[in-house]
1. Restricting to the stretch 95-123, count the residues that are of a type in the set (G, A, S) and under 12 Å from T76 (Cβ atoms).
2. I'd like to know if the stretch 58-79 contains one or more residues that are touching a strand residue (DSSP E or B) at 6+ places or on another chain (Cβ under 8 Å), more than 17 Å from A115 (Cα to Cα), modelled with pLDDT of 80 or more and of a type in the set (A, V, I, L, M, F, W, C).
3. Just give me the residues in the stretch 88-100 being in a loop (DSSP other than H, G, I, E, B) and either in contact with a strand residue (DSSP E or B) (Cβ under 9 Å, 6 or more places away or on another chain) or modelled with pLDDT of 85 or more (or both), in sequence order.
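The values are calculated or read from the model by the stated rules, or taken from the named source; none is laboratory data. Bear in mind the structure is a predicted one, so any value in this text is a computation, not a measurement. Positions of Cβ are backbone-derived with ideal geometry, glycine not excepted, and every protein chain shown enters the neighbour counts.
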Amino acid sequence: MRSSPFRCLVADDDYLVALEAQYILDQLLTCSVEIRPLDTLLSACVRSFDLILVGLGLTAGTVLEAIEQLIADNHTVIIATTFGEWPSGTAIIGDVPVIGRPYEMEEMRGAIEDAVRRRLKPG
């Protein structure tokens with residue numbers, strides 16, 4: 001049995017948008033949610049989170065390698081963006097769930113289920 005609460009990180013440079021994500025996560029999960037700036041992904045502290053929701057904006061290029069490493073290390077990552085298409089160089093994302101911003105509860109629920117299912121999939 002898990003002794004510590006499920007921990008979610010919302011990494012986003014837009015604090016108001018991150019608050020919206022926190023509200024939805026609080027509705028969907030029994031969890032602890034922390035909001036931090038996007039460049040937090042460059043820090044080792046992100047490894048302690050169970051779910052990482054990354055809000056990509058115009059500064060996405062600075063953290064793409066960190067996102068790639070989190071995915072390679074089997075962290076549960078969801079990408080949120082307002083981009084219609086990924087900017088060039090983001091093919092590293094692979095099959096990580098991508099949702100739109102502003103957030104919608106049902107879309108986030110589906111992305112969480114998909115992300116967790118992929119993380120638990122053997123192989």
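1. Adding up the residues that qualify gives 2.
2. Yes: one or more hits.
3. Across the stretch 88-100, the qualifying residues are T90, V96, P97.
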